1. Identify all residues within segment 106-143 that are in contact with a helix residue (DSSP H, G or I) (Cβ under 8 Å, 6 or more places away or on another chain), farther than 19 Å from N27 by Cα and surrounded by 13 or more Cβ atoms within 10 Å (Cβ to Cβ); write none if there are none.
2. Which members of segment 100-114 meet the condition of being modelled with pLDDT of 70 or more and either touching an Asp or Glu at 6+ places or on another chain (Cβ under 6 Å) or among the charged types (D, E, K, R) (or both)?
3. Look at S67 and say whether it is of a type in the set (S, T, Y) and at pLDDT 95 or above.
4. Go through the residues of segment 115-125 one by one and say whether even a single one is within 17 Å of K80 (Cβ to Cβ), in contact with a His (Cβ under 8 Å, 6 or more places away or on another chain), in contact (Cβ under 8 Å) with a residue 12 or more places away in the chain and in the same structural domain as L45 (by TED's automatic domain parsing).
5. If only one of V154, V169 is over 16 Å from the mean Cα position of the chain (by Cα), part of a helix (DSSP H, G or I) and at pLDDT below 95, which one is it?
Amino acid sequence: MKTILSLLFSLVMLIAGLLFSGLSVKNTYNYFSTKDWQKVSATILDVEWEAGYNRGASVGGKSNKSSSGGLVKVYEIKAKYSYEFGGKAYRSDKIALIRSRSSQHDKQKRTYDRLRSHQQKNKPYPAYVNPKSPDQAVLLRDFSWGMNIFMFIVGALGLVFSVGGFWSVFRRG
């Protein structure tokens, strides 16, 4: 029974480790692959602010849990914009490289306010366009190194625990 529990624990840690490490590597790759994307002027057509709840733990050391049983309040910005590249018009709704749903109210609100202000004043907003595939664009090319490093460390720990668990099972024979 102990061997089965050790194998299950090791398998769960392996999956979690691969998932978190893989996401971290993917996010880093996506960020660096956009370094050659060209900056163009975009017109914000629509911007929306949405609030909802996700299951989860504290974020950034602060608990954002409601009294409704471990739900975390999250905020998301949705926007539609148009831009021109190579003499051709495009539309997109992709704001950032990574989905912008977050419990960081102040950061999300500042971004929303900035986009909304540009929309209301009909003022151009910078967008980053993939020159090899101009239908791919984002408004925000920023990157959270802290979150990415955290994900990588969690993933690496999961892999270490899985290797340790498998080693202990197979060492016993």
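The values are calculated or read from the model by the stated rules, or taken from the named source; none is laboratory data. Everything quoted here is computed from the prediction, not taken from an experiment. Cβ placement follows ideal geometry from the backbone for every residue including glycine, while neighbour counts extend to all protein chains displayed.
1. Within segment 106-143, P124, Y125 qualify.
2. Answer for segment 100-114, where residues must be modelled with pLDDT of 70 or more and either touching an Asp or Glu at 6+ places or on another chain (Cβ under 6 Å) or among the charged types (D, E, K, R) (or both): D106, K107, K109, R110, D113, R114.
3. In short, no.
4. yes
5. Result: V169 is the single residue among V154, V169 that is over 16 Å from the mean Cα position of the chain (by Cα), part of a helix (DSSP H, G or I) and at pLDDT below 95.
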